[in-house]
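Shown next, in structure tokens, is the structure this report addresses.
The values are calculated or read from the model by the stated rules, or taken from the named source; none is laboratory data. Note that the coordinates shown come from a computational prediction; the quantities given were computed from them, not determined experimentally. Positions of Cβ are generated from backbone atoms using ideal geometry, with glycine treated the same way; all protein chains shown enter the neighbour counts. Keep in mind that these areas ignore ligands, DNA and RNA; they rest on the heavy atoms of the full protein, side chains included. Shrake-Rupley method; radii C 1.70, N 1.55, O 1.52, S 1.80 Å.
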Amino acid sequence: MIYPSALQKGDKIGIISTARKISKEELVFAKKTIEKWGLKVVFGNNLFQEHNQFAGNDNQRASDLQNMIDDSDIKAIVCARGGYGTVRILDNVDFAGLKANPKW
């Protein structure tokens, strides 16, 4: 089993939605809490997009997840929303980068 390094103050945490849409207002408390812990929040490029009930279309949501996996500065990925939309994008994501750069 590969474990990522423990989070340190100043580390970046990526927030994405692999499924349902979400608003900035709904994330205010989470963002403030993470920042109180001394971590930095990075929102996915498409986090606040809307495509029917989803946070962007399948390609946009997959792109956000892939970008967070590939970004070595991101130490953890938090999914603000998940569910059925996540299953729709899994085949479009290359998880190989997590082996070289594991993250929470």
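Overview of values
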| read-out | value |
| --- | --- |
| Output for segment 78-100, where each listed residue is open to solvent by less than 40 Å² (accessible area, probe 1.4 Å) and not in a helix (DSSP H, G or I) | 80, 93 |
| Residue count for segment 16-30, restricted to those that are part of a loop (DSSP other than H, G, I, E, B) and either modelled with pLDDT under 95 or open to solvent by 40 Å² or more (accessible area, probe 1.4 Å) (or both) | 1 |
| Failed criterion for residue 1 (all others in (1) modelled with pLDDT under 95; (2) in contact with a Ser or Thr (Cβ under 9 Å, 6 or more places away or on another chain); (3) among the hydrophobic types (A, V, I, L, M, F, W, C) hold) | (2) |
| Residue among 7, 65, 47 that is of a type outside the set (D, E, K, R), in contact with a helix residue (DSSP H, G or I) (Cβ under 9 Å, 6 or more places away or on another chain), assigned to a loop (DSSP other than H, G, I, E, B) and touching a residue at least 12 places away in the same chain (Cβ under 8 Å) | 47 |
| Qualifying residue in segment 31-40 (condition: touching a residue at least 60 places away in the same chain (Cβ under 8 Å) and assigned to a strand (DSSP E or B)) | no |
| Every pair of residues 6+ apart whose Cβ atoms lie under 7 Å, when the first sits in segment 71-89 and is over 18 Å from residue 54 (Cα atoms) while the second is polar (S, T, N, Q) | 72/101 |
| Counted residues, segment 42-77 - those being open to solvent by 30 Å² or more (accessible area, probe 1.4 Å) and on the phi < 0 side of the Ramachandran plot | 21 |
| Pick from segment 31-41, criterion more than 14 Å from the chain's Cα centre (by Cα) and on the phi < 0 side of the Ramachandran plot, ranking: least open to solvent (accessible area, probe 1.4 Å) | 39 |
